[in-house]
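Only the coordinates and a few stated rules stand behind these numbers; no lab work does. Just so we're clear, the structure is a prediction, and the values are computed from it rather than from any experiment. So basically every Cβ, Gly included, is an ideal-geometry build from the backbone, and we count neighbours across all protein chains shown.
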Amino acid sequence: MKDRPEGFDERLLLPALGEWGIEAATLDYAPVGFGDYHWVAGGRWFLTVADVRRRSFDGLRLAMDTAAVLREEAGLGFVVAPLRTPGGATLVRLDGHRYALSVFPLVDGQAGDFGQEIEPGERGLLIDLLAELHRTPAPFSTPDRPLELVGRAGLEQSLLDTHRPWLGGPFSERARELVAGHAEVLRRRLREFDRRAERPGEPVVTHGEPHPGNLLRAGARRLLVDWDTVGLAAPERDLWLVAKEPADLARYAEATGRTPDQAVMELYRLRWALDDVAEFVQWFRSPHGRTPDAEESWDALTATLEGLAAE
């Protein structure tokens, strides 16, 4: 996030590193990613602070535990996993019950950007990583990721509320007008999701968001970061974000013995778009300011709605 977390005292972070037995003299905010907040401590550790009002602490802890097991026990060296405290915790509460901290080793590498086109050779390397992940037996802690729309109730309520003012902040009324103008598109795409929704075959361990922004190039190595959404689901949950050509799917099928279903990939694409709309609408119906993150969210909401209307 470009914005810093609301009402959070950064002075809590360096003392909190004591839970991991870490001492650091410096702390620098890292305005990267979207959703969580990041700092670099002592030039060696990458700190992630999550607002656990937006998602459950226990659910995030299971995801962090799963990433750690995939690295420590399954031997998946491409997993950038959180460090454990001496007591084995991968996530520690901060500042009462609103924020939680996880700590990662700082990796010297370069990430891409969400939506960036990956050239074929790079896609092949990423598909190889996903094939290895999908072949790996699921750790006991792996959360289930059912094929459902997380923010559906809020989105449907917002569609009913477009006749009354939205008062959260500077983008609220613009968002209301935008949603009202796309109301029939959204209702149609929700009906389409319901008609097509299914969960085929045996689930596998999926990353959830293996887009270029979460692929780290570290010399000859390719690493995956941001395991917050790791979970059991159809492999197409990952593949729709990566596979662009028949050769990509053929490479995956050869590595796993499982032929991806193009229709299921499209279903996950639709699910991603609808969940994004729900999240951004909730953002703009809640208190917010005219900040860089709000500007980015507005652009993303507009582009996503235009895409849903064009298909």
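Some notes on this structure:
- Cβ-defined net charge surrounding Pro137, 13 Å radius [Lys, Arg +1; Asp, Glu -1]: -2
- Converting phi to 3J(HN,Hα) with the Karplus coefficients 6.51, -1.76 and 1.60 and the offset θ = phi - 60°, the range 36-44 yields 10, 10, 9, 9, 10, 10, x, x, 10 Hz in sequence order, with x at every glycine or proline.
- Mean separation of Cα contacts under 8 Å, 6 or more apart, over the residue count of the range 49-131: relative contact order %: 29 percent
- Note that the range 259-268 has calculated 3J(HN,Hα) couplings of 8, x, 9, 4, 5, 5, 4, 5, 5, 5 Hz, one per residue in order, obtained from phi through the Karplus relation 6.51 cos²θ - 1.76 cosθ + 1.60 (θ = phi - 60°); glycine and proline are x.
- Listed values [x] 6, 25, 33, 26, 10, 1; [y] 6, 28, 37, 23, 5, 1, 0; [z] 6, 20, 22, 15, 13, 11, 8, 4, 1, 0, 0, 0 include one computed from this model; for P(r) over Cα pairs in 10 Å bins from 0, in percent that value carries the label [x].
- Between the range 123-201 and the range 56-91, the C-alpha centres lie 26 angstrom from each other.
- For the chain, the share of DSSP beta bridges that are antiparallel, to the nearest 5, is 95%.
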